[in-house]
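Asks: Right, I'll just put the structure down here and ask away after.
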Amino acid sequence: MKQPDYPLDISVVVPLFNERESLPELTEWIRNVMTANRFAYELIFVDDGSRDGSWETVGALAATDPAVRGISFRRNYGKSAALYCGFEAARGEVVITMDADLQDSPDEIPELYRMVHDGGYDLVSGWKRERHDPIGKRWPSKLFNATARLMSGIRLHDFNCGLKAYRSKVIKSIEVYGEMHRYIPILAKNAGFDRIGEKVVFHRARKYGHSKFGWERAVKGYLDLVTVMFLSRFGRSPMYFFGGLGTLMFLFGAVAVIIIIAQKLNRQAAGLDFRPVTDQPLFFLCLLAVGLGVLLFLAGFLGELINRNATDRNRYLIDDRIGN
């Protein structure tokens, strides 16, 4: 099989939202690292609907540096959408992602590249062992990562670290949507890329702006974890889950109803006192189980139909581009 021809060694994808102050410094830092290591690279900024002049700053940087490319969204779609479009545009053999706030160090890029290019990893995730974040952000992150490790079986300490390196075929083979950027290692594993490594990376204190983290993101994180674990097991065959559960509920309810009616008829035939079936709350609970079982089975059936006819869910309105 012919190996794909990659025109560049590295694509650096940087999603950003209102990070105008940090962009020139980040661009220069990345340029210095790439030049020192003689990497052929591109730097793709994905502006997720900023309103602080970030896009104008990207344009000015691209005017003086041919390695800089840009994608701008008309509105804020979220980090997953930014990564999805950045991945789609990337042309490098190895793709590096990092945040735009200067908390991720570009000095980590050469070793991350070598771990993927020479070390045989499909994906290498950064681990911010010493974090310069407020405690209200660190502890929810620890709890989230522990839960993700338990549910996925992937031994990573920091699933949500923005500094990661990927083999190009990994990011071309997965779909990142909603808030699934936290679970790219899980998505990669589900796609068959199970050579996942980890590297301790230096985490810097924020120099400009303020954190976009909020408690609503922690809640979304756990809901998304449930979603991705469900999709990894039943995404292609929802009938296995909904149909199986619905069948069990239907059989339980139906058998219980038959037993209740048979007991009533048996006591009536023997001339014993009996309680009318409709006076027994258990009878109605069993009917409810039968109804829910039918609904769950139908949900699985409809899920199968939708899955067979699904169209591309990733449609984002790009407002402008810089570079080819």
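Asks: If you place +1 on the Cβ of every Lys and Arg, -1 on the Cβ of every Asp and Glu, and leave all else neutral, what size is the dipole of the stretch 1-141 about its Cα centre, to the nearest 20 Debye?
Replies: The dipole magnitude comes to about 360 debye.
Asks: Please list 3J(HN,Hα) in residue order for the stretch 163-174, calculated via the Karplus relation 6.51 cos²θ - 1.76 cosθ + 1.60 where θ = phi - 60°; whole Hz, with x for glycine and proline.
Replies: Each residue's phi maps through the Karplus curve to give 8, 9, 10, 9, 5, 4, 5, 5, 6, 7, 10, 10 Hz.
Asks: Can you order the peptides 142-150, 118-126, 9-17 by their average number of other Cβ atoms within 10 Å per residue, highest first?
Replies: 9-17, 118-126, 142-150
Asks: How far, in degrees from 0 to 90, does helix 79-89 lean away from the longest principal axis of the Cα atoms of the chain, to the nearest 10?
Replies: Result, in degrees: 60.
Asks: Please name whichever of Gly253, Leu302, Leu163 sits farthest to the positive end of the charge dipole of the chain, dipole taken about the Cα centre and charges placed at Cβ: Lys and Arg +1, Asp and Glu -1.
Replies: Positive-most Cα among the choices belongs to Gly253.
Asks: Can I ask one more? Taking Cα atoms, how many degrees apart are the long axis of helix 281-308 and the longest axis of the chain, rounded to 10 and kept between 0 and 90?
Replies: 40
Asks: Now for a different question. Using each residue's phi in the stretch 146-152, evaluate 6.51 cos²θ - 1.76 cosθ + 1.60 at θ = phi - 60° and report the 3J(HN,Hα) Karplus result to the nearest Hz, with x for Gly and Pro.
Replies: 5, 5, 5, 4, 5, 7, 9
Asks: Between Lys169 and Val255, what FRET efficiency comes out of the Förster formula 1/(1 + (r/R0)^6) with R0 = 51 Å and r the beta carbon distance, rounded to 0.05?
Replies: For R0 = 51 Å, the calculated efficiency reads 0.50.
Asks: Find out how many positive minus negative residues lie around Glu42, taking Lys and Arg as positive, Asp and Glu as negative, among other residues whose Cβ is under 14 Å from that of Glu42.
Replies: Result for the local shell: 0.
Asks: Could you tell me what percent of the accessible area of the chain is made up of carbon and sulfur, with a 1.4 Å probe and every protein chain present?
Replies: 58
Asks: Continuing with this model, one more query. What's the magnitude of the charge dipole for the chain around its Cα centre, counting Lys and Arg as +1 and Asp and Glu as -1 at the beta-carbon? Answer in Debye, nearest 20.
Replies: Here the size comes out at about 960 debye.
Asks: Using only the alpha-carbon atoms, how far is helix 215-234 inclined from the longest principal axis of the chain? Give it as 0 to 90 degrees, nearest 10.
Replies: Between the helix axis and the principal axis of the chain, the angle is about 70 degrees.
Asks: Could you give the size of the charge dipole of the stretch 141-208 about its Cα centre, using +1 on the Cβ of each K and R and -1 on the Cβ of each D and E, expressed in debye and rounded to the nearest 20?
Replies: Dipole about the Cα centre, nearest 20: 300 debye.
Asks: Given H placed 1.01 Å from N in the peptide plane, which residues other than close sequence neighbours of Glu198 have an amide H under 5 Å from its amide H?
Replies: For Glu198, whose amide H was placed from the backbone, the distant partners under 5 Å are Ser125.
Asks: Let me ask another. Taking every DSSP beta bridge that has both residues in the chain, what percent is antiparallel when rounded to the nearest 5?
Replies: Rounded to the nearest five, the antiparallel share is 35 percent.
Asks: Also, I was wondering about something else. Give me the net charge of Asp122's neighbourhood, meaning all other residues with Cβ under 13 Å from the Cβ of Asp122; Lys, Arg count +1, Asp, Glu -1.
Replies: Net of charged neighbours comes to +3.
Asks: On a 1.4 Å probe surface of the protein chains, which of Lys128, Lys264, Lys172, Lys164 comes out largest in accessible area, and what is the full order?
Replies: Lys172, Lys264, Lys128, Lys164
Asks: Now a separate question. Which shape class, rounded, prolate or oblate, goes with the chain when its Cα gyration tensor gives a ≥ b ≥ c as root eigenvalues, a/c under 1.5 marks rounded, and past that a/b bigger than b/c marks prolate?
Replies: Taking the square roots of the gyration eigenvalues as a ≥ b ≥ c, the chain is prolate.
Asks: Set the Förster radius R0 to 56 Å, insert the Cβ-Cβ distance between Thr247 and Arg195 as r into 1/(1 + (r/R0)^6), and round the FRET efficiency to 0.05.
Replies: Efficiency for this residue pair is about 0.90.
Asks: Grab the Cα-Cα distance for Leu287 and Arg38, subtract it from 0.36 nm times how many residues apart they are, and report the gain in nm with one decimal.
Replies: 82.5 nm
Asks: Using amide H atoms built in the peptide plane, which far-off residues or other-chain residues are under 5 Å from Val46 H to H?
Replies: Val14, Leu16, Ile71
Asks: Using the basic label-point model (7 angstrom from Cα toward the beta carbon), what is the Arg206 to His117 distance in nanometres?
Replies: Inter-label distance under the simple model: 3.3 nm.
Asks: Okay, moving on. Would you be so kind as to identify which of Tyr240, Cys85, Phe274 lies farthest towards the positive end of the dipole of the chain, taking Lys and Arg as +1 and Asp and Glu as -1 on Cβ and the Cα centre as origin?
Replies: Of the options given, the answer is Phe274.
Asks: Where Lys and Arg each count +1 and Asp and Glu each count -1, what net charge lies around Leu102 among other residues with Cβ under 10 Å from its Cβ?
Replies: With Lys, Arg at +1 and Asp, Glu at -1, the neighbours total -3.
Asks: Now a separate question. Normalising by the residue count of the stretch 1-64, find the relative contact order in percent from Cα pairs under 8 Å and 6+ residues apart.
Replies: 47
The values are calculated or read from the model by the stated rules, or taken from the named source; none is laboratory data. The shown structure was predicted, so the numbers you read here are calculated from the model rather than taken from an experiment. Quick reminder, even Gly has a Cβ in these numbers, built from the backbone with ideal geometry, and neighbours come from all protein chains shown. With ligands, DNA and RNA removed, areas are computed over all heavy atoms of the protein, side chains included. Shrake-Rupley method; radii C 1.70, N 1.55, O 1.52, S 1.80 Å.
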